[in-house]
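Asks: I'd like to ask some things about the structure below.
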Ligand code: FDA
């Protein structure tokens with residue numbers, strides 16, 4: 001008999017397995033995919049760690065979380081500094097003095113502020129009716145048209161005039177020459193990839209790949225005292241109240257016979273006519289010098305049952321539905337729900353680490 005049956009070998013399930021193993025608990029991990037790691041899985045191609053489920057950059061200001069992950073990997077000094085490509089013009093992101101200088105030739109923060117104020121003032125309205133009006137209201141025409149409009153429309157699958165203004169609450173602008181996308185204190189990529197990190201976490205557990213827990217629920221439940229479930233919560237309950245919705249994304253990955261395709265790990269394509277939103281060039285996450293390169297084009301996609309669930313759509317309808325499932329989950333004596341799918345919440349990796357540590361502390365006294 002195992003102490004814990006862990007459903008899902010993503011970051012949440014793997015941390016739980018590691019912490020339980022340290023306390024001498026026996027864990028069986030079942031994973032429906034043919035690999036461990038969940039969405040942070042990286043696969044080596046041409047000596048390059050390819051982020052199979054989208055770019056994953058670890059960043060946090062939580063020192064405990066940062067120190068915790070260091071035991072599983074050494075992190076490099078990668079700093080996310082994406083650039084935007086609008087019809088062949090290149091702009092730095094997030095919006096900062098480098099962006100403003102390129103757009104308007106302004107040099108000082110005061111000049112940049114005055115320019116944005118002048119542009120936004122032309123569209124000032126107290127009650128923006130849609131996302132377009134909201135964005136124009138905040139940053140004016142140039143930034144909106146070159147860097148926001150097309151990208152947002154592709155991401156949501158709707159024109160900006162059809163999207164609610166609340167999607168963009170504020171648009172952070174930085175009046176310093178700093179292209180670092182994240183404001184966190186700590187940032188980096190694990191040298192050797194995320195999969196190697198997960199392997200270390202799962203070293204003491206028994207792992208069975210290609211096993212869908214829900215298809216063998218009764219026989220698997222009988223093997224363990226308790227269950228840690230990190231799959232979709234609505235699927236666990238047989239969708240009895242209805243289905244939770246997600247946004248999906250698809251990736252088109254290609255090996256190119258050249259050492260450097262775009263000179264940066266992340267390039268956003270902000271014009272509507274280019275069908276993908278981003279191209280990731282994986283080697284730049286690790287300062288790779290290989291002869292070849294691997295790129296992934298990222299296409300936002302509508303989601304239907306059976307597709308890979310990526311981003312929960314936390315609108316009122318879905319949140320209410322989730323709360324109905326959550327009520328059932330709270331009554332469970334033998335099952336702990338965790339991770340992004342088990343709690344229907346978008347979580348960055350550092351949130352998952354913090355949450356997994358909180359749950360394990362509570363559970364494994
Ligand atoms: P995860 O989904 O990884 O693991 C769940 C596992 O359970 C999966 O392996 C799944 O196959 C398995 N499973 C589900 N149902 C099952 C069943 N019935 N039987 C058996 N197994 C089952 N974060 C960040 O900090 N920096 C970043 O740059 C990014 N980038 C990013 C890009 C994209 C496109 C997305 C969608 C997300 C990010 N993230 C991120 C977030 C990051 O991916 C996320 O925090 C973790 O992967 C969540 O780990 P979990 O263990 O919760 O879920």
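Asks: Whole Å is fine, so just give me how far the alpha carbon centre of region 253-298 lies from that of region 314-336.
Replies: 39
Asks: Right, something else. Residue 327 label point, 7 Å along Cα→Cβ, cut-off 12 Å on backbone N: hits in region 222-241?
Replies: Hits in region 222-241 for residue 327 at 12 Å: 241.
Asks: Let me ask you something else. How compact and how long is region 94-167, expressed as Rg and Dmax of its alpha-carbon atoms in Å?
Replies: 12.7, 37
Asks: Also, quick follow-up: Obtain the nm distance between the two label points defined at residue 191 and residue 176 by a simple spin-label model: each point lies 7 Å from its Cα along the Cα-to-C-beta direction.
Replies: Calculated label separation equals 2.8 nm.
Asks: Here's a follow-up. Which number do you get for Rg(Cα) / (2.2 N^0.38 Å) in region 267-332?
Replies: Details: Rg = 18.8 Å, N = 66, 2.2 N^0.38 = 10.8 Å.
Taking the Cα Rg and dividing by 2.2 N^0.38 Å, one obtains 1.74.
Asks: Binning at 5 Å from 0, report for region 246-301 what percent of all alpha-carbon pair distances ends up in each bin.
Replies: 5, 20, 27, 22, 14, 8, 3, 0
Asks: Hey, how many Å between the Cα centroid of region 17-40 and the Cα centroid of region 146-213?
Replies: A separation of 23 Å, based on Cα centres.
Asks: Sort region 319-365 into rounded, prolate or oblate with this rule: let a ≥ b ≥ c be the square roots of the eigenvalues of the Cα gyration tensor; rounded if a/c is under 1.5, and if a/c is not under 1.5, prolate when a/b is larger than b/c, oblate otherwise. Can you show the working numbers first?
Replies: Working: a/c = 3.19, a/b = 1.16, b/c = 2.74.
It is oblate, given that a/c is not under 1.5 and a/b is not larger than b/c.
Asks: Given the convex hull of the Cα atoms of the chain, what is a quarter of its surface area in nm²?
Replies: On the way: hull surface 78.2 nm².
Its average projected convex-hull area is 19.6 nm².
Asks: Separate question: Report the full-extension gain for the segment residue 107 to residue 358: residue separation times 0.36 nm, less the Cα-Cα distance, to one decimal in nm.
Replies: 85.7 nm
Asks: Sticking with this one: Indicate, rounded to the nearest 5 percent, the antiparallel portion of the DSSP beta bridges found entirely in the chain. Mind dumping the intermediate values first?
Replies: On the way: 30 of 49 bridges.
Antiparallel bridges make up about 60 percent of those DSSP assigns within the chain.
Asks: Could I ask something else about it? In what sequence, highest mean first, do 211-218, 153-160, 337-344 appear when ranked by Cβ atoms within 10 angstrom?
Replies: Working: 211-218: 13.4, 153-160: 17.2, 337-344: 24.4.
Put in order of decreasing packing, that is 337-344, 153-160, 211-218.
Asks: How many nm is it between the label spots at residue 3 and residue 291, if each spot is 7 Å from the Cα in line with the beta carbon?
Replies: 5.0
Asks: Report the FRET efficiency, 1/(1 + (r/R0)^6), for residue 26 and residue 258, where r is their Cβ-Cβ distance and R0 is 35 Å, rounded to 0.05.
Replies: Details: r = 49 Å, r/R0 = 1.40.
For R0 = 35 Å, the calculated efficiency reads 0.10.
Asks: Relative to the longest principal axis of the C-alpha atoms of the chain, give the angle of the C-alpha long axis of helix 11-22, reported between 0 and 90° and rounded to the nearest 10°.
Replies: Between helix and principal axis, roughly 40 degrees.
Asks: Quick check on packing: order 114-126, 275-287 by the mean number of other C-beta atoms within 10 Å, highest mean leading.
Replies: Working: 114-126: 13.6, 275-287: 19.8.
Sorting 114-126, 275-287 by mean packing, highest first, produces 275-287, 114-126.
Asks: On to the next question. Go ahead and estimate [θ] at 222 nm for the chain from helices alone: -39,500 (n - 2.57) per DSSP H run with n ≥ 4, summed, over the residue count, rounded to 500. All intermediate terms of the calculation are to be shown ahead of the outcome.
Replies: Working: 12 runs with 110 residues, N = 365.
Calculated from helices alone, the mean residue ellipticity at 222 nm is -8500 deg cm²/dmol.
Asks: Right, something else. Sort the following peptides by mean Cβ neighbour count (other Cβ atoms within 10 Å, averaged over residues), highest first: 194-202, 354-362, 234-242.
Replies: On the way: 194-202: 21.0, 354-362: 16.9, 234-242: 15.3.
Most protected by this proxy first, the peptides run 194-202, 354-362, 234-242.
Asks: Take the Cβ-Cβ distance between residue 156 and residue 212 as r, set R0 to 35 Å, and report the resulting FRET efficiency rounded to the nearest 0.05. Before the final figure, lay out the partial values.
Replies: On the way: r = 31 Å, r/R0 = 0.89.
Rounded to the nearest 0.05, the efficiency is 0.65.
Asks: Could you check the spin-label model distance between residue 317 and residue 248? Points 7 Å from the Cα along Cα→Cβ, value in nm.
Replies: It is 1.8 nm.
Where a number appears in this text, it was derived from the coordinates with a stated rule and is not lab data. Not measured: the values here are computed from a predicted model. All Cβ positions, even for glycine, are placed from backbone atoms using ideal geometry, and neighbour counts span all protein chains on display.
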